[in-house]
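Student: Pasting in a structure now, in structure tokens, and then I'll have a few things to ask.
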Amino acid sequence: MVDLMATTVLDKHARLNIRVRPEVKGRIERAAHISGKTLTDFAVSILSESADGVLERHEAAKLSSTDREIFLRVLDERTKPNQQLLKARKTHKRIIAK
């Protein structure tokens with residue numbers, strides 16, 4: 001169980017209180033020690049890296065309004081298959097769809 005509660009402080013830092021099971025805290029303390037970091041520095045660096053990864057994946061998955069309109073327009077277009085697609089279909093039928 002993890003219980004997160006953030007409290008904003010008026011200075012340049014914010015406080016983050018986290019409750020974890022004793023065995024989880026022990027693993028985190030051990031990893032921090034092995035990394036040569038304080039528990040706080042270790043937790044902040046890991047949480048920050050994880051947050052950055054989540055945010056990057058989220059931003060990469062979002063489409064702009066223009067991208068969305070282009071995508072939907074292409075889906076709606078009735079175009080004939082080109083030579084490469086026709087060749088791929090023949091190959092698929094020959095190899096896969098026997």
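Student: Among the residues of region 79-86, is any in a helix (DSSP H, G or I) and in contact with a helix residue (DSSP H, G or I) (Cβ under 6 Å, 6 or more places away or on another chain)?
Tutor: No, region 79-86 contains no residue that is in a helix (DSSP H, G or I) and in contact with a helix residue (DSSP H, G or I) (Cβ under 6 Å, 6 or more places away or on another chain).
Student: Taking Asp76 as the residue in question, decide whether it is at pLDDT below 95 and charged (D, E, K, R).
Tutor: The answer is yes for Asp76.
Student: Does His58 qualify as being part of a helix (DSSP H, G or I), exposed (fewer than 10 other Cβ atoms within 10 Å of the Cβ), at negative phi and not hydrophobic (A, V, I, L, M, F, W, C)?
Tutor: Here the answer is yes, as His58 does meet what is asked.
Student: Tally up the residues in region 11-50 that are part of a loop (DSSP other than H, G, I, E, B) and under 24 Å from the mean Cα position of the chain (by Cα), please.
Tutor: Total meeting the criteria: 1.
The values are calculated or read from the model by the stated rules, or taken from the named source; none is laboratory data. All values reported here derive from a predicted model rather than from experimental measurement. Here Cβ is always computed from backbone atoms with ideal geometry, including for glycine, and neighbour counts include all displayed protein chains.
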